[in-house]
1. Given (1) more than 16 Å from residue 268 (Cα to Cα); (2) in contact with a helix residue (DSSP H, G or I) (Cβ under 6 Å, 6 or more places away or on another chain), where does residue 42 come up short, assuming only one miss?
2. State yes or no: is residue 326 within 22 Å of residue 248 (Cα to Cα) and either out of contact with any strand residue (DSSP E or B) (no Cβ under 7 Å at 6 or more places or on another chain) or at pLDDT below 90 (or both)?
3. State whether the residues of segment 228-243 include one that is under 19 Å from residue 152 (Cβ atoms), in contact (Cβ under 8 Å) with a residue 60 or more places away in the chain and surrounded by 15 or more Cβ atoms within 10 Å (Cβ to Cβ).
4. Hey, among the residues in segment 203-216 that are touching a helix residue (DSSP H, G or I) at 6+ places or on another chain (Cβ under 7 Å) and part of a loop (DSSP other than H, G, I, E, B), which one's nearest to residue 175 (Cα to Cα)?
5. Residue 257 versus (1) modelled with pLDDT under 90; (2) crowded, with 21+ Cβ neighbours inside 10 Å; (3) in contact with a helix residue (DSSP H, G or I) (Cβ under 7 Å, 6 or more places away or on another chain): which is the lone unmet condition?
6. Return the pair list, or none, for Cβ contacts closer than 7 Å from residues in segment 105-119 that are free of Cβ contacts under 8 Å to residues at least 40 places away in the same chain to residues that are surrounded by 16 or more Cβ atoms within 10 Å (Cβ to Cβ) and assigned to a strand (DSSP E or B), at least 6 apart or on different chains.
7. Just checking, how many residues over segment 5-39 are within 30 Å of residue 77 (Cβ to Cβ) and out of contact with any helix residue (DSSP H, G or I) (no Cβ under 6 Å at 6 or more places or on another chain)?
8. Looking only at segment 64-92, count every residue that is surrounded by fewer than 19 Cβ atoms within 10 Å (Cβ to Cβ) and in contact with a helix residue (DSSP H, G or I) (Cβ under 7 Å, 6 or more places away or on another chain) and tell me the total.
């Protein structure tokens with residue numbers, strides 16, 4: 001595959017990202033003692049960061065890889081919403097499709113000491129989005145989907161993604177044959193029929209298929225079951241340290257992981273779907289897009305915190321690791 005050509009085309013592609021927007025808050029510190037009040041570590045705070053999470057991290061990955069991203073979702077009328085909107089603006093992500101609503105902005109707070117996560121606490125509203133804000137969101141989608149080269153649905157099951165929304169996406173993407181990929185969530189798989197691509201992890205694929213994945217045979221059965229039952233063009237099952245497996249028609253492709261130190265898997269799924277969809281929109285076939293996504297994921301798990309892979313890092317990884325792994329076909 002001509003990666004140079006794909007990377008040139010990536011810069012011309014516009015990707016629409018729809019889903020649950022999350023503000024990732026990181027509190028950094030160090031631990032030198034245990035609290036006298038309870039057997040818990042005392043974290044001496046040294047720094048605090050706010051990063052884009054959830055669907056907004058998918059859009060961030062698109063921009064980092066050289067593409068253009070439009071984000072659609074909701075945030076609250078609160079300080080966290082202001083911070084998230086400012087971050088989107090700083091990254092050059094088009095945010096006209098982000099609507100303010102009465103619910104709180106979703107915030108995930110992680111306390112990190114010595115590069116290890118000590119605790120995480122979440123503030124979120126998971127009620128299904130409806131009413132005036134939801135109608136405005138659907139109207140916006142109807143207007144702008146055809147202006148994009150691909151659509152990513154980033155489902156964190158926080159209320160934005162519903163059958164009505166996905167129906168609107170598919171209805172407006174079909175006439176132009178726009179590629180629609182979904183990063184799924186358990187409990188919502190029935191919503192994803194007829195999308196172009198699903199990217200579940202092993203646990204999600206196992207639950208959704210009803211097949212316990214414990215070896216390659218059960219993995220293949222689970223992937224084929226999802227492909228058939230949901231009428232998707234492709235299913236990409238991410239397998240952690242074992243890499244990923246791509247199921248497309250009668251073809252099964254096992255792609256081993258890029259060997260490197262793993263520090264944090266936060267947001268790795270966001271990187272996978274962003275890199276795959278962008279590469280495919282830029283002309284890569286399913287297999288080539290999966291290889292690119294695999295390299296991108298290998299980059300971000302080597303970083304602490306919600307991270308992205310850049311185009312330069314991707315080029316280097318593809319060059320350095322080109323002969324270090326072997327794709328298998330089942």
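The values are calculated or read from the model by the stated rules, or taken from the named source; none is laboratory data. In this text the structure is predicted, and so the values were computed from the model without any measurement. As a convention, Cβ positions derive from the backbone with ideal geometry for all residues, glycine included, and neighbour counts pool all protein chains shown.
1. Of everything listed in (1) more than 16 Å from residue 268 (Cα to Cα); (2) in contact with a helix residue (DSSP H, G or I) (Cβ under 6 Å, 6 or more places away or on another chain), residue 42 misses just condition (2).
2. Yes; evaluated as a whole, the condition is true for this residue.
3. Within segment 228-243 (the criterion being under 19 Å from residue 152 (Cβ atoms), in contact (Cβ under 8 Å) with a residue 60 or more places away in the chain and surrounded by 15 or more Cβ atoms within 10 Å (Cβ to Cβ)), the answer is no, since none of the residues qualifies.
4. 211
5. (2)
6. From segment 105-119, the pairs are 119/111.
7. The total comes to 9.
8. Total meeting the criteria: 2.
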